[in-house]
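Student: What follows is a single structure, and I will ask about it in a moment.
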Amino acid sequence: ISLLLAGVEKGDEVLLPTLTFIATANAVSYCKAIPHFIDCTRDTLGIDCNKLSKYLEENTESRDGYIYNKKTGRRISIIVPVHIFGHSADMDELQQLSQNYNLQIVEDAAESLGSLYKGKPLGSFGMVAALSFNGNKIVTTGGGGAILTNNKELAKRAKHVTSTAKQP
Ligand SMILES: *Cc1c(COP(=O)(O)O)cnc(C)c1O
C-alpha cells in the first residue's frame, strides 16, 4: 500500500536492496511492478549508493521528468531503502539520488522502529514508510503493521484503502 500511495504503476521498475526479506520484493510484484535489485554495502547493510549512482548514470535516460531503464524501457520512479536489523541505509546519499533522479523514497522500516539516523527517526525520511508489527518484530500486534507519512492526503488515502473504504 505504501508503494501504491507513492504512485507506483503497473510495469514500473522499483529499486530495492538485494539484502532484505522477500516481503519487500513481494510488495513490488503485488503492484504488478518489477523488483530491480541493487547491491548492498557491508558498512550499512543497505543500498550501495556509489554503485547505484554509477549504475543509474550509465543505464538510465530521462524523459518527461522520470528516468527509464535503457535496456528494458521501463520507468523507474521509486526506491525502497531497507534498514536491516535497525541499521540505517545511507539516507543522505539516498536523498541526494532521489532528488537527482526524481525517485520517490518508500522506506521499508519493518526492522527499524526506534532507530535514528543523525538524530531523526527511520521511517521519517521517505514520502511513505512501512512498519511491521508481525510476531518477530520490535513491537508486535501478532500481525499487521503501520504506514508512516507526513502527507495528510496520503494518510487519508491509506486509511481508505486499508479499511475496505468504510464510511463513518
Ligand atoms: C518482516 C519484514 C517485512 C514484512 O513484514 P510483514 O508484516 O511480515 O509483512 C518486510 N520487510 C522487512 C525488511 C522485514 O523484516
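The values are calculated or read from the model by the stated rules, or taken from the named source; none is laboratory data. Everything numeric in this text was worked out from a predicted model, so none of it was measured. Note that each Cβ is placed from the backbone with ideal geometry, even for glycine, and that neighbours are counted across all protein chains shown.
Student: Being touching a His at 6+ places or on another chain (Cβ under 9 Å) and not aromatic (Phe, Trp, Tyr): is that true of Ile67 here? Spell out how you get there, then give the answer.
Tutor: On the way: touching a His at 6+ places or on another chain (Cβ under 9 Å): no; not aromatic (Phe, Trp, Tyr): yes.
It is false that Ile67 is touching a His at 6+ places or on another chain (Cβ under 9 Å) and not aromatic (Phe, Trp, Tyr).
Listed here are the residues, each with its yes/no results for (1) within 16 Å of the ligand (Cβ to nearest atom); (2) among the polar types (S, T, N, Q); (3) modelled with pLDDT under 95; (4) over 13 Å from the mean Cα position of the chain (by Cα).
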{"residue": "Asp12", "(1), (2), (3), (4)": "no, no, no, yes"}
{"residue": "Leu15", "(1), (2), (3), (4)": "yes, no, no, no"}
{"residue": "Ala23", "(1), (2), (3), (4)": "yes, no, no, no"}
{"residue": "Asn26", "(1), (2), (3), (4)": "yes, yes, no, no"}
{"residue": "Lys32", "(1), (2), (3), (4)": "no, no, no, yes"}
{"residue": "Phe37", "(1), (2), (3), (4)": "yes, no, no, no"}
{"residue": "Asp48", "(1), (2), (3), (4)": "no, no, no, yes"}
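Student: In the stretch 159-167, is there at least one residue being out of contact with any Gly (no Cβ under 6 Å at 6 or more places or on another chain), at pLDDT 95 or above and within 16 Å of the ligand (Cβ to nearest atom)?
Tutor: So in the stretch 159-167, the residues out of contact with any Gly (no Cβ under 6 Å at 6 or more places or on another chain) come out as 159-167.
Filter once more, keeping what is at pLDDT 95 or above: none.
Taking every residue of the stretch 159-167 in turn, none turns out to be out of contact with any Gly (no Cβ under 6 Å at 6 or more places or on another chain), at pLDDT 95 or above and within 16 Å of the ligand (Cβ to nearest atom).
Student: Can you say whether Leu56 is away from the ligand (no atom under 16 Å from the Cβ), of a type outside the set (Lys, Arg) and in contact with a Phe, Trp or Tyr (Cβ under 6 Å, 6 or more places away or on another chain), as far as the supplied structure shows? First the steps, then the outcome.
Tutor: Details: away from the ligand (no atom under 16 Å from the Cβ): yes; of a type outside the set (Lys, Arg): yes; in contact with a Phe, Trp or Tyr (Cβ under 6 Å, 6 or more places away or on another chain): yes.
Criteria met by Leu56.
Student: Also, I was wondering about something else. Return the residue satisfying two criteria in turn: it lies in the stretch 114-152 and is of a type in the set (S, T, N, Q) and away from the ligand (no atom under 15 Å from the Cβ), and of such residues it is farthest from Thr162 (Cα to Cα).
Tutor: Step one: filter the stretch 114-152 for residues of a type in the set (S, T, N, Q), giving 115, 124, 132, 134, 136, 140-141, 149-151.
Applying the additional criterion that residues be away from the ligand (no atom under 15 Å from the Cβ) yields 124, 149-151.
On the way: Ser124: 20, Thr149: 15, Asn150: 17, Asn151: 16 Å.
Only one residue tops the list, namely Ser124.
Student: Kindly indicate the residue of the stretch 53-85 that is among the acidic types (Asp, Glu) and modelled with pLDDT of 95 or more and also surrounded by the fewest Cβ atoms within 10 Å (Cβ to Cβ) among those meeting that condition. Give the derivation first.
Tutor: Of the stretch 53-85, the ones among the acidic types (Asp, Glu) are 57-58, 61, 64.
Narrowing further to those that are modelled with pLDDT of 95 or more: 57-58, 61.
Details: Glu57: 10, Glu58: 8, Glu61: 10.
Among them, the one singled out is Glu58.
Student: In the stretch 139-168, what residues are within 28 Å of Ser98 (Cα to Cα), among the hydrophobic types (A, V, I, L, M, F, W, C) and in contact (Cβ under 8 Å) with a residue 24 or more places away in the chain?
Tutor: Selection gives Ile147, Leu148, Leu154, Ala158, Val161.
Student: Within the stretch 1-112, considering only helices (runs of 4 or more DSSP H) that don't extend past its boundaries, which have at least 3 residues that are more than 16 Å from Ala129 (Cα to Cα)?
Tutor: Values: elements: 2-5, 22-30, 49-59, 91-100.
In the stretch 1-112, the matching helices (runs of 4 or more DSSP H) lie at 22-30, 49-59, 91-100.
Student: Take the residues of the stretch 127-160 that are of a type in the set (A, V, I, L, M, F, W, C) and in contact with a Phe, Trp or Tyr (Cβ under 9 Å, 6 or more places away or on another chain): which is surrounded by the most Cβ atoms within 10 Å (Cβ to Cβ)? First the steps, then the outcome.
Tutor: Taking the stretch 127-160 and keeping what is of a type in the set (A, V, I, L, M, F, W, C), we get 127-131, 133, 138-139, 146-148, 154-155, 158.
Adding the requirement that they be in contact with a Phe, Trp or Tyr (Cβ under 9 Å, 6 or more places away or on another chain) leaves 139, 146.
On the way: Val139: 10, Ala146: 16.
Top of the filtered list is Ala146.
Student: Quick one: would you say Thr164 is more than 22 Å from Phe85 (Cβ to Cβ) and surrounded by 13 or more Cβ atoms within 10 Å (Cβ to Cβ)? Write out each step before concluding.
Tutor: Values: more than 22 Å from Phe85 (Cβ to Cβ): yes; surrounded by 13 or more Cβ atoms within 10 Å (Cβ to Cβ): no.
No, not satisfied.
Student: Could you look through the stretch 127-137, keep only residues that are out of contact with any Ser or Thr (no Cβ under 8 Å at 6 or more places or on another chain) and either not in a loop (DSSP other than H, G, I, E, B) or not basic (Lys, Arg) (or both), and pick out the one that is farthest from Asp92 (Cα to Cα)?
Tutor: Step one: filter the stretch 127-137 for residues out of contact with any Ser or Thr (no Cβ under 8 Å at 6 or more places or on another chain), giving 131-132, 135-137.
Right, trim to either not in a loop (DSSP other than H, G, I, E, B) or not basic (Lys, Arg) (or both) and you get 131-132, 135-136.
Numbers: Leu131: 21, Ser132: 24, Gly135: 31, Asn136: 29 Å.
Among them, the one singled out is Gly135.
Student: Ok, one more. Any idea how many residues of the stretch 50-78 are within 14 Å of the chain's Cα centre (by Cα) and either farther than 25 Å from Ala109 by Cα or of a type in the set (A, V, I, L, M, F, W, C) (or both)? Spell out how you get there, then give the answer.
Tutor: From the stretch 50-78, those within 14 Å of the chain's Cα centre (by Cα) are 76-78; that's our starting set.
From what is left, the residues that are either farther than 25 Å from Ala109 by Cα or of a type in the set (A, V, I, L, M, F, W, C) (or both) are 76, 78.
Within the stretch 50-78, residues that are within 14 Å of the chain's Cα centre (by Cα) and either farther than 25 Å from Ala109 by Cα or of a type in the set (A, V, I, L, M, F, W, C) (or both) number 2.
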